[in-house]
Every structure is written in structure tokens, then in C-alpha cells.
1. What ranking do Leu117, Leu15, Leu171 get, fewest neighbouring Cβ atoms within 10 angstrom at the top?
2. Going by amide H atoms built from the backbone, whose H comes under 5 Å of the H on Asn127, apart from near neighbours?
3. Hey, what's the Kirkwood Rh for the chain if you take every pair of different alpha carbons, in angstrom?
4. Express in nm, to one decimal, how much length is gained between His194 and Val234 on full extension, taking 0.36 nm for each residue of separation and deducting their alpha carbon distance.
5. Determine, at each q value in 0.16 (inverse angstroms), the log₁₀ of I(q)/I(0) that the Debye formula gives when each Cα of the stretch 92-141 is one equal point scatterer.
6. So which trypsin sites (Lys or Arg not before Pro) in the stretch 1-49 are both in a DSSP loop and have at most 10 other Cβ atoms within 10 Å of their Cβ?
7. Report, ordered by chain and residue number, the lysines lying within cross-link reach of Lys140, taken as a straight Cα distance under 26 Å and ignoring same-chain residues fewer than 8 apart.
8. How compact is the stretch 37-108 by the rule of thumb for globular proteins, expressed as Cα Rg over 2.2 N^0.38 Å?
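Bear in mind that the values in this text are calculations on the coordinates, not laboratory data. Just so it is clear, the structure is predicted and the values come from calculations on it, not from any experiment. Note that each Cβ is placed from the backbone with ideal geometry, even for glycine, and that neighbours are counted across all protein chains shown.
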Amino acid sequence: MSIEQAIDRLKEAKLKGGSVAVLTGAGISAESGIPTFRGAGGLWKTCRPEELATAEAFEAQPEVVWEWYEWRRGIIRKAGPNPGHLAIAQMESLFSNFFLITQNVDNLHERAGSRTLVHLHGTISHNRCYHGCPALIEAKEPQAMIPKCSCGALMRPAVVWFGEMLPEEALEHAAIVSQEASVFLSVGTSGIVHPAASLPLLAKSNGAFLIEVNPDPTPLTSSSDLVLQGPSGVILPSLMAGLTSRTP
Ligand code: BJW
């Protein structure tokens, strides 16, 4: 089991016109200095994401939830894409059928140059009305107080919380490209939050070669055809280097 095997599979997909799908999670942004949700360094004031990323938490303690998002926005504003994001953006240009599915809300993939991507969990860069008014308002500056919509309701981050539906079109698209993929890479995700966590298995059950990139084992590890254990900021650039090298 080695990186060469992953390179061979990707080269084969390219030669045969097969498609490649990549699912990313918080781990890919860890090397940009953005804390993950779970695991070492992933907690905020000892709160778990399941306790903060919910409408119930926002209703009970809007200031606490807002403070968490403002803390994260502060980190994200200062962060930039890392070699893992850049490698995925470069990979896109090598394949005629390449799709990126991200659970991340930090927009670092776009900033790295990725174009063909769907966001499953929204974006932290915008707010929307808690009562459902349609406008999305960019959160450019830090805001200590929770802003209000013109309807009087509180604004909330434009992200998907537990118990909320994922954007329908994005999820449908993600399911289709997962089913069609010849190679599926699951990168930097703990694989415990559904429905995103079901996509690698959907791909595998439809014939994809499933590769996991993660320094630590996850529930997906035992189902993966190949596990590339390590940080995505190291592994993905090596994959790209192998893909673009002249040797067959
Ligand atoms: C590195 C690294 C390096 C570190 N390089 N890697 C089926 C079964 C059970 C439950 C459910 C189910 N279907 C639905 C549910 C309920 C629920 C759910 O999944 N619960 C689980 C906790 C059990 N899902 C939902 O509620 C979803 N909605 C839904 O299903 O709607 C339909 C419905 C509605 C009502 C009733 C019933 C059905 C919505 C999920 C929304 C998730 N939202 C969040 C917050 C987004 C906004 C925000 O950013 O604040 O999304 S939670 C959080 O977790 C965030 C992430 O996108 C998501 C996944 O986390 P991720 O990305 O995997 O990060 P980590 O931290 O967990 O892992 C990091 C990984 O990186 C680790 O593995 C590290 O090892 C690794 N790593 N350094 C590479 N350098």
C-alpha cells in the first residue's frame, strides 16, 4: 500500500477518461492554522461542535454561539490556503471529470483556485436571517453584537447546523459524482457526520477505488482500498508530483 498505488489509479482514471471525486473535511485546513472540530486542538472552551452547531444552542444562548463563530471567523480571515488546498486545485486541471465536495465553510478551496466544487455545510463568510429571509449578507468585519435582519430577527451564520437539511442541489450533485467516480479521495475528515460521511461508501459500492488521506484512523479506514496516513499538506502535493512526472 503506497502513494505509488494511488498515483497509478489516478493515472489510469485519467487515461480512461474516468472521473475523480474528492471529499474534504476540517483536516485539510488544519495546516492553515484552522482548528478541526474534533481531536487534539479541536475544541473551543471545552464545547463540542454538537453542542454549538445547532439551532437549539442558538436559541438558548445566541451570544455564546455567535462568539464561537466570531472566534473562528477571526482565525479564517488571517488564514490562507496550504499546499493541500493548492494540490487539489492543480489536480482539477489534470482531469476532464474532477469534482470537489467540501464540508468546510472556510472557502480556502476557492482561494486556492478550485472551481468545480460544492459546499455541503454552507459558508462562514456570510450571515442569513434566523427566520428565513432570503438575503445573504457578507460578514466582512468582526461584529461583537449579533446583527439583526430588517425583519427584526437575529442574523446567524450561513452554515448548516445539526438537524438541518443540507442544500438540496449540492447534496444531489455530491451523490451523483460520488456514484460516478472511478477514484474517490476522502481527505481530512473524521467521517462521522452524515450525510457527508456516507459519500465515500456510496462511491465504493458503485465501484470507486477509495483512498483515505488522514494522519489518524477513522470509521472509514477499514473500508478504504488505500490509506495514505499523514497530513494532507504533505501527501497531496506528493500525489500531484507523481501525477505530473514524466515517468509512465
Ligand atoms: C487531518 C489533518 C491534516 C487532522 N491532514 N487530516 C446517520 C447516522 C447518524 C446520524 C445522522 C445520520 N444522518 C444524519 C444524522 C444526524 C447528523 C449527524 O451526522 N450526526 C452525527 C454526529 C452522528 N447530521 C445532521 O444533522 C445533518 N443534517 C441532516 O442529516 O439533515 C437531515 C435530517 C434533518 C433532521 C432530522 C434527520 C435528518 C447536518 C450536519 C451538519 C454538520 N455541521 C457542522 C458544522 C458546520 C458549520 C460550522 O462550521 O460551524 O459541519 S458539524 C462539523 O462536523 C462541521 C464539519 O463539516 C463536520 C465534519 O467534521 P470534519 O470535517 O470531519 O472535521 P473533524 O474535526 O471531525 O475531523 C478532522 C479530521 O481531520 C480528523 O479525522 C483528523 O484526524 C484529520 N486531520 N489534521 C489531514 N493535517
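1. With the fewest neighbours first, Leu117, Leu15, Leu171 line up as Leu15, Leu171, Leu117.
2. The answer is Ile137, Glu138, Ala139, Ala158.
3. Its Kirkwood hydrodynamic radius stands at 18.7 Å.
4. Stretched out fully, the His194 to Val234 stretch lengthens by 11.7 nm.
5. So the normalised log intensities work out to -0.57.
6. Those satisfying the criteria are Lys16, Lys45.
7. Within reach: Lys45, Lys78, Lys148.
8. My calculation over the Cα atoms of the stretch 37-108 gives 1.43.
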